[in-house]
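The structure under discussion appears below in the form of structure tokens.
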Amino acid sequence: MINPRSLVRALDKHWDIIEYLVALGREHIAFERDELLGVLNKVYPQESDEQRLERLQQLVNNELLIAMSHSDSLQLNENVSQFISGLLHEHELGLSDILKARIVDIQAGLEQLQQAMESRDMAALQNGAIRIDKQLRQILQQLEQDSHAIQAIAERAKSSDERMPLDYRYREVLDAYDQYVQPMEELMDTGAGGNFYPLLERAQTVLESLDRVLTIQGGLYSHQQMLRQVGFRVKDLRAYGLKSLKQCTNTLMPLREEVRRHNHLSAAIGQLLGAVRKKGLDRTFPGQCLPVWRKERSLTVAVGPELLSLMEQVRGYQAKSVDFPESTDEQLLVALEQVDEDVIQGHLFRCLPVPDLMHWLVEHYGTFQDATLLKLYHKLMRLPEVNAIPNQESVRVTLKQIVIQLHSHVVESV
């Protein structure tokens, strides 16, 4: 059995060769030792023969490569292959029958949830929720892996040798569309003919109803939270399922249509050449003119509704008049008086304690401007020689031009 820590260290040390072997795994079941030494020579050209032999032995000792039974050939460890394929998004295309089996298990899980709720068996309820969540996660993982596999199939078809026949180049594309996309389209039909989305709708309904029952009956919060988490997983799968299928269809459909158009064109050309060979060029094309194909393409330019509405607004535009205030020569700002603050502070110290500072200022210095009185009030209450405490009740004071309401301070000596 592979030690996980040793596996991680070995993968870090031999990553280049392992990544190369995973890519070759699509075409080889196992490798002879001479073949592996040749691959090592390509991946590590700077190493000597002894170093490559030592590296190959390390791969075997770390169980990255294992020997096949009844043979001296070596194959990549399946656990390592799956792990690396998952990291590199190098997946094989899954089967729709696997998804159908998971759907059946989800249906059984929903029935288990309902029976557990009827019998008030919370352990069975928890097991059913975990069972459904596991299948939902597996379906999400399979759809993601299938999407990467479809992308890889399309890339291999486009990058293959152009001199190869089109049917041979796109054979994998046609097989993937016939064996995966079409069955998945039937399975994920949102109508009455599909099985996947009606099941997800039923699952969401059942989970929401069970959550309401637990809330009413006072079930544990952990059980309610588990049902809600499974419900969130159902919503994610409903959104991702059609998105994944649409992406796969959009990837393969242009290549499939290219093959079909090529087949029709090849058949038409072959039929025409056969007629020329049998009848001759003049009898095949009477009128001494060869057919010329031309694809008509008409271009129309139209003004969009947004531009029309904008033009209508511009035509009816009227400038808005704005009335600005008239200039005045009056002096808006009144300068503060020059006051002797030291004299006022000395006066305040002699009158301590003062039960109402604002009333004291109005009584003795009411001839000052309102701004001057407010300035003196804030300065006097912050003097370090006094202790100012606000009154609990607010008072209303009328000055020369304004009326203020405040909790005037009681000023005492420190």
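The values are calculated or read from the model by the stated rules, or taken from the named source; none is laboratory data. These numbers were taken from a predicted model, which means no experiment stands behind them. Methodologically, a virtual Cβ is constructed for each residue, glycine included, from the backbone with ideal geometry; neighbour enumeration extends over all protein chains shown.
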When (1) within 18 Å of R102 (Cα to Cα); (2) crowded, with 17+ Cβ neighbours inside 10 Å; (3) at pLDDT 80 or above are applied to F196, the one that fails is (3)
Test result for R350, loosely packed, with under 11 Cβ neighbours inside 10 Å and assigned to a loop (DSSP other than H, G, I, E, B):
no
Restricting attention to region 205-261, the residues that are over 25 Å from Q182 (Cα atoms) and among the polar types (S, T, N, Q) number exactly 8
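I'd like the residue in region 359-384 that is in a loop (DSSP other than H, G, I, E, B) and within 18 Å of D340 (Cα to Cα) and, out of all such residues, is nearest to the chain's Cα centre (by Cα).
R382
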Within region 19-76, considering residues that are of a type in the set (S, T, N, Q) and touching a Phe, Trp or Tyr at 6+ places or on another chain (Cβ under 9 Å), the one surrounded by the fewest Cβ atoms within 10 Å (Cβ to Cβ)
Q51
